[in-house]
Ligand SMILES: [Fe+2]
């Protein structure tokens with residue numbers, strides 16, 4: 001049973017960004033499944049690798065779109081993307097010295113906050129900006 005269902009509570013209104021946010025929901029569900037099935041470092045590293053790949057693609061794509069549309073909040077938005085990447089890197093770097101289940105719980109709560117704050121507030125602001133020009 002997935003932790004999250006893709007639903008209307010995530011900002012739609014932009015096909016490309018909406019599709020990428022859907023991939024993040026899948027990555028969160030993947031991490032959650034791994035926590036149920038295995039708490040091995042290897043499984044968690046795979047989930048982290050997936051999240052980093054996602055972040056590299058999605059953030060550069062979103063920032064390019066913001067630049068192209070002249071979104072005035074781009075420079076305020078960028079540090080959050082940096083923080084996401086740093087957080088995933090820090091977890092990968094320390095994972096072998098920490099308890100994998102505790103790390104997985106920390107990452108999961110970071111991602112849930114990310115969905116609630118960053119995606120539903122900051123990314124939505126950009127989508128609204130594009131749609132109301
Ligand atoms: Fe963003």
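Taken together, the values in this text are just the output of simple stated rules run on the coordinates, not laboratory data. Quick caveat: nothing in here was measured; it's all calculated off a predicted structure. Cβ sites come from the backbone with ideal geometry, for glycine too, and all protein chains shown count toward neighbours.
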Which listed residue is touching a helix residue (DSSP H, G or I) at 6+ places or on another chain (Cβ under 6 Å), more than 16 Å from the ligand (Cβ to nearest atom) and assigned to a helix (DSSP H, G or I), from 88, 35: 35
Cβ contacts < 9 Å: first residue touching a residue at least 24 places away in the same chain (Cβ under 8 Å), restricted to the range 67-86; second residue away from the ligand (no atom under 13 Å from the Cβ) and not in a helix (DSSP H, G or I), any location; separation 6+ or different chain. Result? 69/133
Is one or more of the residues making up the range 56-64 in contact (Cβ under 8 Å) with a residue 60 or more places away in the chain, surrounded by 14 or more Cβ atoms within 10 Å (Cβ to Cβ) and either within 11 Å of the ligand (Cβ to nearest atom) or closer than 23 Å to residue 16 by Cα (or both)? yes
Out of (1) out of contact with any helix residue (DSSP H, G or I) (no Cβ under 7 Å at 6 or more places or on another chain); (2) within 13 Å of the ligand (Cβ to nearest atom), the odd one out for residue 93 is which? (2)
Where the second residue is within 13 Å of the ligand (Cβ to nearest atom) and part of a helix (DSSP H, G or I) and the first is in contact (Cβ under 8 Å) with a residue 12 or more places away in the chain and under 15 Å from residue 25 (Cα atoms) and lies in the range 106-133, which pairs have Cβ atoms under 6 Å and are six or more apart or on separate chains? 118/80; 119/21
